[in-house]
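What follows is one structure encoded as structure tokens, with my remarks underneath.
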Amino acid sequence: MFRSAVTAVRRSRARCHGAGVLALCASGAAVLALVAPSAWAAPSGQGAPSAHTAPARPTPQVYEPPAGAQAGSGHTAARRHTGPEIHRFLTWFYGTHGPDRRQRQYFVSDLLKRKQAQHPDRDVILCAQNTPRDIEVGPVTTAQSAGFGWATVTAYWADGTASTSTAYVALDSHPIELHDVVCAQ
């Protein structure tokens with residue numbers, strides 16, 4: 001957008017040699033005023049210059065280790081999942097009526113698969129024996145020190161009742177997967 005605005009101003013200037021000089025130049029200035037400041041070129045690591053203030057001294061660059069890096073460990077750990085990523089995953093995984101067979105096969109931890117094998121009479125992912133009418137995933141909490149993120153999952157049933165469970169995701173699971181589910185009593 002910025003380049004097209006500059007091109008338009010240059011063309012306007014070229015035509016600014018007649019009776020409509022002021023009108024054309026004013027339109028060019030208006031186009032420049034509409035260009036978002038974030039589109040202006042700025043040196044790497046510095047914010048865009050303000051249209052109303054003189055540039056300040058350069059902001060010092062602050063080193064920030066990559067996400068998941070452990071200070072002093074000598075190596076960089078794999079990137080960890082964030083709260084919003086976990087929420088998107090759980091919302092996709094549970095959907096409206098629960099995960100399908102493919103999701104259960106590829107996006108569930110071995111621990112949870114063993115737990116399901118020990119309880120064949122009920123669905124340990126949904127904490128139920130039948131299919132819910134709707135499912136809602138609450139806000140995600142992450143604990144970097146524990147290595148997990150979790151959210152409350154609420155299932156709404158045809159009889160008007162609701163049940164809750166807590167779904168856990170390991171922050172460093174790649175690909176992301178449902179690690180465990182704890183059913184509310």
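Results, tabulated for the structure shown:
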| item | result |
| --- | --- |
| Unmet requirement for ASP180, which otherwise passes all of (1) of a type in the set (D, E, K, R); (2) open to solvent by 60 Å² or more (accessible area, probe 1.4 Å); (3) assigned to a strand (DSSP E or B) | (2) |
| Failed item, numbered, when THR131 is tested on (1) open to solvent by 60 Å² or more (accessible area, probe 1.4 Å); (2) β-branched (Val, Ile, Thr); (3) modelled with pLDDT of 95 or more | (3) |
| Pair list, Cβ < 6 Å and 6+ apart or interchain, from the range 106-123 residues that are more than 17 Å from LEU171 (Cβ to Cβ) to residues that are of a type in the set (Val, Ile, Thr) and in a loop (DSSP other than H, G, I, E, B) | LYS115/VAL124; GLN116/VAL124 |
| Subset of the range 79-93 that is touching a helix residue (DSSP H, G or I) at 6+ places or on another chain (Cβ under 9 Å) and of a type in the set (Phe, Trp, Tyr) - its residue that is nearest to ALA167 (Cα to Cα) | PHE93 |
| Scan of the range 135-149 for residues that are touching a strand residue (DSSP E or B) at 6+ places or on another chain (Cβ under 9 Å) and farther than 19 Å from ARG104 by Cβ, ordered by number | GLU136, GLY138, PRO139, VAL140, THR141, THR142, ALA143, GLY147, PHE148, GLY149 |
| The range 159-175, subset out of contact with any His (no Cβ under 8 Å at 6 or more places or on another chain), polar (S, T, N, Q) and within 20 Å of LEU111 (Cα to Cα), residue least open to solvent (accessible area, probe 1.4 Å) | SER165 |
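The values are calculated or read from the model by the stated rules, or taken from the named source; none is laboratory data. Only a predicted model underlies this, so the values are computations on that prediction, with no experimental measurement involved. In this analysis, Cβ positions are derived from the backbone assuming ideal geometry, glycine residues included, and neighbour counts consider all displayed protein chains. Heavy atoms of the whole protein, side chains included, go into the accessibility calculation; ligands, DNA and RNA do not. Shrake-Rupley method; radii C 1.70, N 1.55, O 1.52, S 1.80 Å.
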